[in-house]
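Novice: Below: one structure in structure tokens.
The values are calculated or read from the model by the stated rules, or taken from the named source; none is laboratory data. Since this is a predicted model, take the numbers as computed values, not measurements. Note that each Cβ is placed from the backbone with ideal geometry, even for glycine, and that neighbours are counted across all protein chains shown. Accessible surface areas use protein heavy atoms only, side chains included; no ligands, DNA or RNA. Shrake-Rupley method; radii C 1.70, N 1.55, O 1.52, S 1.80 Å.
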Amino acid sequence: MNSWIDAVLVLITLTSLVLLGASRLGTSIRMVALQGVLLSPLPLLLAGPSGFGPRAAMLAVATVLIKGLGFPWLMARAVRGGSQRREMDPRVGYNASLLAGVLLMVVAFLLSSRLPLPPGEGTPLVLPVALFNILAGMFVIASRRQAITQVLGYLVMENGIYVFGVGIASHQPLLVELGILLDVFAAVFVMGIVIFHMGRELDHTDTDRLTLLNDWQKEKE
Amino acid sequence: MSGYAGLFAALVLAPLLPGVINRTKSFFAGRRGPPLLQPYFDLAKLLRKGAVYSTTTTWLFRAGPVVGLAAMIVASALAPFGGVSAPLAFAGDFLFFAGLLGVTRFVTMLAALDTGSSFEGMGASREAQFAALAEPAFLLGLTAVAWKTGGLSLSGMLGTNSFATWSGATAPLALVCVSLLVVFLAENARIPVDDPNTHLELTMFHEVMVLDHGGPDLALIQYAAALKMWVLGSLVVGIALPVRSLAHGWAFAASVAGMLVLCVIVGVVESCLARLRLTRVPQLLLGAGVLSLLALFIGLK
């Protein structure tokens, strides 16, 4: 059982690393979708024999539907909506992002070695993978210009929190997990629609240029 | 005794590997392709020829192929094959192994620079750049394997590789396998990194360095390249196949079969992929390094 959990966690880490190094929006979205699908067996695998039941199964199904299908569909729609450049020009280059990913991995593993787990909870890999995903997501948000990639970074960060929640606090009620999922869904739904319309109206979703949107500047011109 | 069988196999069977790759590529392209033993015929033909040396070259140019081949033969004595220890094994010999690969590369680059051709200089520069990126991936990957198996020599790491090793450390070993496969492709100048068939000097980096070599010198270089492919391949196969669990004869046969399968995989990769843009190659090698590092971290956990 443990080796399956570890395999899933390693694959989740790899998808985050690919996202850090990917230049195309399509690849990035596909990676986040894959990550969502990879997350879904975790509630079942980590619940243990006692928690294995309809609740964990429900959470797994909800994860596939929302993170594996819903979010990627929203993002893909937002990309198609505007004539955005397929290639992004990030503040930090792709190779440098990968190297930063390595640094974040080091930080995550060091940090998790300082944080003792409650005995019998998850596997030793849960904590570093969760921390790495949170850090990698934050890095993507900070280093990319396009709004859509920033949303993807937000999703990766949320996936890290999800891994943390499912792995460390598997006893928390299903309602809490589903509530978080619903919150994220609402947030991404709104962001997806906003980006879709931004792309249609402005032909770009470069967040650096959003300051040009105010009326004051128009008057000055 | 059986350690020498692996060395013997390396020295005899190494030129077969490019032949298998070429046959696989021909099959994918719908051609019949050259005979499997074509590399042997080429070597025999080249050895019968005389060498031509440019007047601008010095002894460095002549020393390059000889020193390179010598280093590769020592390297093949270090690489374990078929689940038994190599003839030569000591603690930390994987660093020596990486050094031998570096020596081969260094003398080839010196010989290339010695010709004074700008193309060959360019090839040498690229070889140095990509090798510098491939080496961390290689060493970090082997460190992860050393940590998991407890062996400090290549023989200790790969000679003890059994099903128990794999079931205890599936994720790190699988990651190292992928990483070393990328290193294998890069070091042997195969397709996602370099196209061995191209004859456009601007795009290639390994073949362009040996353009001025001819006759026996070229034979030595091609034989050394085949040996390099064999030893690096035997490391990949040694990690991927836990042959220790098998009896000696079967382990040997399984390893040879593994080498041939590896060549078929390389042939399939070459048939399905295009060469990467030069600017994308560092990213690929960096990715391999990240995989090795991840394997090391997971192994430490």
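Novice: Keeping every protein chain present and rolling a 1.4 Å probe, give me the accessible area per residue for the protein assembly as shown in Å².
Specialist: For the protein assembly as shown, the solvent-accessible area averages 44 Å² per residue.
Novice: Separate question: Below 8 Å, C-alpha to C-alpha, sequence gap of six or more: please give me the relative contact order for chain B in percent.
Specialist: 31 percent
Novice: Here is a further query. Please compute how much accessible surface disappears when A pairs with B, both sides summed, using a 1.4 Å probe, and round it to the nearest 100 Å².
Specialist: Buried surface at the A/B interface: approximately 1400 Å².
Novice: Would you work out which of B:Ser167, A:Ala56, B:Tyr40 lies farthest towards the positive end of the dipole of the protein assembly as shown? Charges go on Cβ: Lys and Arg +1, Asp and Glu -1.
Specialist: Of the options given, the answer is B:Tyr40.
Novice: From the protein chains alone at 1.4 Å, what is the descending order of accessible area for A:Phe109, B:Phe90, largest first?
Specialist: Output order, biggest surface exposure first: B:Phe90, A:Phe109.
Novice: Other chains' Cβ within 10 Å of B:169-181 residues: what's the mean?
Specialist: The per-residue average across the peptide is 2.
Novice: So what's the gap between the Cα centers of region B:112-180 and region B:237-254, to the nearest angstrom?
Specialist: Using only Cα atoms to place each centre, the spacing works out to 20 Å.
Novice: Charges only on Cβ, +1 for Lys and Arg, -1 for Asp and Glu: so what's the dipole of region B:1-77 about the Cα centre, in debye to the nearest 20?
Specialist: In debye, rounded to 20, region B:1-77 gives about 340.
Novice: Here is a follow-up. Quantify, in whole percent, the carbon and sulfur part of the accessible surface of region B:131-197 (1.4 Å probe; protein heavy atoms only).
Specialist: Its accessible area is 69 percent carbon and sulfur atoms.
Novice: Using only atoms on other chains, find how many Cβ atoms lie within 10 Å of each Cβ of peptide B:234-246 and report the average.
Specialist: That average works out to 0.
Novice: While we're on this one: Percent relative contact order of region B:1-159, based on C-alpha pairs within less than 8 angstrom and at least six residues apart?
Specialist: Result for region B:1-159 is 27 percent.
Novice: Using the Karplus curve 6.51 cos²θ - 1.76 cosθ + 1.60 with θ = phi - 60°, work out ³J(HN,Hα) for each residue of region A:95-101 in order, rounded to whole Hz, and write x for Gly and Pro.
Specialist: Result, ordered by residue: 5, 5, 5, 4, 4, 4, x Hz.
Novice: Work out the length of the dipole vector of the protein assembly as shown about its Cα centre, built from +1 on the beta-carbon of each Lys and Arg and -1 on the beta-carbon of each Asp and Glu, and round it to the nearest 20 debye.
Specialist: I would put it at about 760 debye.
Novice: How many nm separate the modelled label positions at B:Leu13 and B:Asn197, each set 7 Å beyond the Cα in the direction of the Cβ?
Specialist: 2.6 nm
Novice: Using alpha carbons only, how many degrees (0 to 90, rounded to 10) separate the axis of helix B:216-240 from the longest principal axis of chain B?
Specialist: 20 degrees
Novice: Taking the Cα centre of region B:2-300 as the origin and placing charges on Cβ (Lys, Arg +1; Asp, Glu -1), which of B:Val237, B:Leu133, B:Gly68 is farthest toward the positive end of the dipole?
Specialist: Highest projection toward the positive end goes to B:Val237.
Novice: Inside 10 Å of the C-beta atoms of B:287-299, what's the mean count of C-beta atoms belonging to other chains?
Specialist: Whole-number average of other-chain Cβ neighbours for B:287-299 is 4.
Novice: Return the sequence-ordered ³J(HN,Hα) values of region B:99-114 in whole Hz as given by the Karplus equation 6.51 cos²θ - 1.76 cosθ + 1.60 applied to θ = phi - 60°, using x for Gly and Pro.
Specialist: x, 5, 4, x, 4, 4, 4, 4, 5, 5, 5, 4, 4, 5, 5, 5
Novice: With +1 on the Cβ of every Lys and Arg and -1 on the Cβ of every Asp and Glu, and nothing else charged, how large is the dipole of region B:2-300 about its Cα centre, in debye rounded to the nearest 20?
Specialist: Once rounded to the nearest 20, the dipole reads 600 debye.
Novice: List the residues of region A:5-34 whose accessible area drops by at least 30 Å² when all protein chains are present, compared with their chain alone, using a 1.4 Å probe and counting only protein heavy atoms.
Specialist: At a threshold of 30 Å² (probe 1.4 Å), the residues of region A:5-34 that become less exposed are A:Val10, A:Leu14.
Novice: Considering only protein heavy atoms, with the full assembly of protein chains and a 1.4 angstrom probe, order A:Ile5, B:Ile265 by accessible area, largest first.
Specialist: Largest to smallest exposure gives the sequence B:Ile265, A:Ile5.
Novice: How high is the FRET efficiency from B:Tyr40 to A:Asn2, r the C-beta distance, R0 41 Å, rounded to 0.05?
Specialist: After rounding to 0.05, the efficiency reads 0.25.
Novice: For region B:49-57, what does the Karplus curve 6.51 cos²θ - 1.76 cosθ + 1.60, with θ = phi - 60°, yield as ³J(HN,Hα) per residue in whole Hz, taken in order and with x for Gly and Pro?
Specialist: 7, x, 9, 10, 10, 6, 6, 7, 7
Novice: Check chain B and count each lysine pair with an alpha-carbon distance under 29 angstrom, considering only pairs eight or more places apart or from different chains.
Specialist: 7
Novice: Arranged from highest to lowest average of other beta-carbon atoms within 10 Å per residue, in what order do the peptides B:206-212, B:150-156 appear?
Specialist: B:206-212, B:150-156
Novice: Sorted by accessible area with a 1.4 angstrom probe, largest first, how do A:His197, B:His213 fall?
Specialist: A:His197, B:His213
Novice: Which of A:Pro43, A:Gly101, A:Pro116 sits farthest toward the positive end of the charge dipole of the protein assembly as shown, with +1 on the Cβ of Lys and Arg and -1 on the Cβ of Asp and Glu?
Specialist: A:Pro43
Novice: Please list the non-local residues whose amide H lies under 5 Å from the amide H of B:Val84, H modeled 1.01 Å from N, same-chain partners needing a gap of 5 or more.
Specialist: none
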